[in-house]
1. Output the residues belonging to segment 166-181 that are buried (at least 22 other Cβ atoms within 10 Å of the Cβ) and assigned to a loop (DSSP other than H, G, I, E, B).
2. Strands (runs of 3 or more DSSP E) wholly in segment 354-463 with at least 1 residues that are among the polar types (S, T, N, Q) and either more than 28 Å from the chain's Cα centre (by Cα) or surrounded by fewer than 19 Cβ atoms within 10 Å (Cβ to Cβ) (or both) - which ones?
3. If you scan segment 54-88, which residues turn out to be within 22 Å of ILE133 (Cα to Cα) and among the small types (Gly, Ala, Ser)?
4. In the set ASP144, ASP127, which member is outside any strand (DSSP E or B) and away from the ligand (no atom under 13 Å from the Cβ)?
5. Which of the residues belonging to segment 281-307 are in contact with a Leu (Cβ under 7 Å, 6 or more places away or on another chain) and within 30 Å of GLN253 (Cβ to Cβ)?
6. Here are some residues: TYR163, TYR184. Which one is more than 16 Å from the ligand (Cβ to nearest atom), in the same structural domain as VAL11 (by TED's automatic domain parsing), aromatic (Phe, Trp, Tyr) and buried (at least 19 other Cβ atoms within 10 Å of the Cβ)?
7. I'd like the full set of residues that are more than 6 Å from the ligand (Cβ to nearest atom), in contact with a strand residue (DSSP E or B) (Cβ under 7 Å, 6 or more places away or on another chain) and not in a loop (DSSP other than H, G, I, E, B), limited to segment 4-30.
Amino acid sequence: MQIVVVGSGYVGLVAGACFADLGHDVIVVDNDQKKLAALNRGEVPIHENFLPELLQRHRGARLRFSDDLQGAVRASAAIFVAVGTPPTEQGEADLSYVESVARAIAGAINGYKIVVEKSTVPVYTSDWVSKIILRNGAEHGQFDVASNPEFLREGTAVTDFLYPDRIVVGADTERCASVLREIYAPLVDGTYYLRPDAIPRPDRAQIPPPLIATSAKSAELIKHASNAFLAMKISFINAVASICESVGANVQQVCQGIGADTRIGPRFLNPGIGYGGSCFPKDLLAFRAVARECGYDFRLLDEVIRINEEQRQRFIRKVRSALWTLRGKRLGVLGLAFKGGTDDIRESPAILLVQALLQEGCEICAYDPAAHERAKEALNSSVHFAESAYEAARDADALLVLTEWEEFAALDLKRLHSELKYPIVIDGRNLYHPEIMAANGFTYYSVGRPAVSPDPAASATPVPGVKKSARS
Ligand code: NAD
């Protein structure tokens, strides 16, 4: 099928490349000329596993990039809108990009098309998109608007797209739903997974994925409610971690006990410095705003947001209690991206913490495997960027772990110890085992687990390796 994807960001570019891999002809449209030029030169503007392979495989053949939205719409049967929906100052979703795309689509409708919301949008957006297209010259029956929310996670975006837990198709007519079913058929009928060149199946993937057909409004709600629920799970376990810290319990053991209940499950029970990224913070605000507009005061979400913000304050207090005063202290920082596996720093708790520590007068030397370029734009020039985790640790008063990159979990602890001025590690992501850190001579603070000091008896034992990140 000929498909347009509007927006070449984390969602649009991944969706475009994956649709091409499913066998469709895809035009990815963007209005950012710099991005288009980079894509046409063969560059890969975001850090995502398997994306370079897919772009290489399909660029110039089944996958093209263009700034001509109307031309692309005229040539296509389905238009996926994947532009940004950032928050306004009041916390509502800013739908002006979606609206401007809808207006442009209207002028190019030359036969039956489906217009599909891929962006995360509040309930009722499909009605509005429909109205805007009609107001701008299209006629009833020439198009349908559907909601097909995207659940990919940055860092594993390509495999999430191709091996989804579910595909939600929110369409109000059978004609529209059948076009979407045809687009996803290679996944739902499982033929994609039989191909020798299919992107490898990740652990835990259930194939083929179910396709859940709903109304457009239900699909819009599914996306907001899913993100709100996941954020709630994170804030819940962070609140439990705070109680663990007060009473000297170990949140990891508590999580094991909670997560073994199949009604709860172990995933997303990762205490830390809170959620961030371009989705959870804005989607929670938008969901709360939309609920309010509908007459429901969703105060549970207020509390989820409050706990999340408090996690960063608690972490700063932990740094202070480890170092006494902060002014003039040199801190090594591991991780700037909002989570491991991505270069995205939007709403990254790591960046917010670095900014707060700079304000306190700390000197920061930071290392992130992928996010330096983006972080340089966000942080002032007083942050030094290191080439490795060990360089970030060099002569530091303490090392802070702020992003759960697997690379950090596999560091050589002996070497890390020798680089630091004082062997103090404050881990905002619970990447290491406290006993192993103590055995290797570190004073080690983490989230929801008792702090440990160097174990004199065991300080000469060899480094046995560290816990691998087992995050969702
Ligand atoms: P992004 O900011 O990375 O990309 C948006 C792209 O849209 C940009 O390249 C921008 O230039 C382009 N754009 C804006 N207006 C345009 C226009 N009029 N015509 C053509 N292109 C235009 O955003 P993203 O992270 O890909 O997110 C897109 C949407 O998907 C958001 O609603 C987001 O909430 C949702 N979403 C994001 C993720 C994620 O992990 N990033 C996951 C699921 C859903």
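The values are calculated or read from the model by the stated rules, or taken from the named source; none is laboratory data. Bear in mind the structure is a predicted one, so any value in this text is a computation, not a measurement. As a convention, Cβ positions derive from the backbone with ideal geometry for all residues, glycine included, and neighbour counts pool all protein chains shown.
1. ALA171
2. 443-445
3. Residues satisfying the conditions are SER66, GLY71, ALA72, ALA75, SER76, ALA77, ALA78, ALA82, GLY84.
4. On the way: ASP144 fails: outside any strand (DSSP E or B).
Result: ASP127 is the single residue among ASP144, ASP127 that is outside any strand (DSSP E or B) and away from the ligand (no atom under 13 Å from the Cβ).
5. Step one: filter segment 281-307 for residues in contact with a Leu (Cβ under 7 Å, 6 or more places away or on another chain), giving 284, 287-288, 301, 304-305.
Matches in segment 281-307: LEU284, LEU301, VAL304, ILE305.
6. TYR184
7. Initially, segment 4-30 is screened for residues more than 6 Å from the ligand (Cβ to nearest atom), giving 4-5, 13-28.
Of the ones still in play, those that are also in contact with a strand residue (DSSP E or B) (Cβ under 7 Å, 6 or more places away or on another chain) are 4-5, 13, 15-17, 19-20, 24-28.
Across segment 4-30, the qualifying residues are VAL4, VAL5, LEU13, ALA15, GLY16, ALA17, PHE19, ALA20, ASP25, VAL26, ILE27, VAL28.
One line per residue, one yes/no per condition, for (1) among the basic types (Lys, Arg); (2) more than 25 Å from LEU402 (Cβ to Cβ):
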| residue | (1), (2) |
| --- | --- |
| ALA205 | no, yes |
| ILE212 | no, yes |
| LYS223 | yes, yes |
| ASN238 | no, no |
| PHE268 | no, no |
| ILE273 | no, no |
| GLY276 | no, no |
| ASP302 | no, yes |
